[in-house]
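Just so you know, all these numbers are worked out from the coordinates, no wet-lab data involved. Model, not experiment: these values are computed from the prediction. Here the Cβ is made from the backbone with ideal geometry for all residues, glycine too, and neighbour counts use every protein chain on show.
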Amino acid sequence: MNSHEPRHRNRKYDRELLLGGALRSTVLDLWEVERYGADSYGDADYVSVYGMRPATWYAKGIRLLGRTAVECTRDVLGQAIGQDVAAVAGTAPCLTTALVVDPFAGSGNTLYWLLRHLPGAHGLGFELDAGVFGVTQQNLAELALPIDILNTDYRSGLTGVSVAEDQLLIAFIAPPWGNALSPTTGLDLRRTTPPITEIVDFLLRTFDKNRLLCAIQVHETVDPGSLAELNSRFDWSAEQVYGLNAAGENHGILLGTKGWVP
Ligand SMILES: C[S@@+](CC[C@H](N)C(=O)[O-])C[C@H]1O[C@@H](n2cnc3c(N)ncnc32)[C@H](O)[C@@H]1O
């Protein structure tokens, strides 16, 4: 099939089609990105990333795989997250600019928004999937963004990071949710892939000499037991939910600090 040939024209473009196999690791055409937005959210520009609507980013040579179109942090959410993270980071008593790490980089769009709100900070991402990594690396190069991304597992990536003692480390944590989202009790932070609790423990152990700010992507409903377990690891924490989608489909962040209280 060449890239102009219609595929799945008569199917609904939803999460299942883009994540479930058929288009998961396929580079989407522009009409498919717009169709996913329109079919699933009534908005052809839903998958706006890097500060651009789909028609604009596609014209610049930016591409997304089916899975990344679904999994990415889109602009409106990235913008809100960037603003809230920067507000807390601004209270940290650090002398040098922050290092911002997204251990599950995906499209790299969350890093893009975090850096827009943290001028001078350096951005680093890790992405395990070779296909996602290849497309993202190409996109970041097209846009000449100051973000380094490595094709590696989050643990080996973080192990290789060196942070000065007076430097604030900011980590954005959004691993695949897998089956962690229950319709009754919400997102269980112990059941994502890998578990968010395990990722936070690894960060706390690896960077025990640094001030750390974790921004963890959560659903509007979070399993209370898992939330209490996670909060107990931080010196300070707060939750923020963004009402950008229909009720029951909203995301937010849990902000947690170690080494200071904002
Ligand atoms: C929900 S997406 C992240 C979205 C991203 N923050 C963005 O702005 O687009 C999760 C990503 O983590 C990657 N991933 C899953 N397990 C990983 C691991 N152990 N180490 C690194 N990346 C991983 C997946 O391939 C996927 O691209």
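Quick notes on this one:
- Restricting Ala105, Ala98 to residues that are under 23 Å from Gly256 (Cα atoms), in contact with an Asp or Glu (Cβ under 7 Å, 6 or more places away or on another chain) and surrounded by 23 or more Cβ atoms within 10 Å (Cβ to Cβ) narrows the list to Ala105.
- Among the numbered conditions (1) within 14 Å of the ligand (Cβ to nearest atom); (2) assigned to a helix (DSSP H, G or I), the only one that Gly178 does not meet is (2).
- Of the helices (runs of 4 or more DSSP H) that lie entirely inside the range 52-107, those containing 2 or more residues that are within 13 Å of the ligand (Cβ to nearest atom) span 66-71, 75-89.
- Scanning the range 171-224 for residues that are surrounded by 21 or more Cβ atoms within 10 Å (Cβ to Cβ), polar (S, T, N, Q) and over 20 Å from Tyr242 (Cβ atoms) yields nothing.
- Scanning the range 149-175 for residues that are within 14 Å of the ligand (Cβ to nearest atom) and among the β-branched types (Val, Ile, Thr), we see that the one that is farthest from Gly108 (Cα to Cα) is Thr159.
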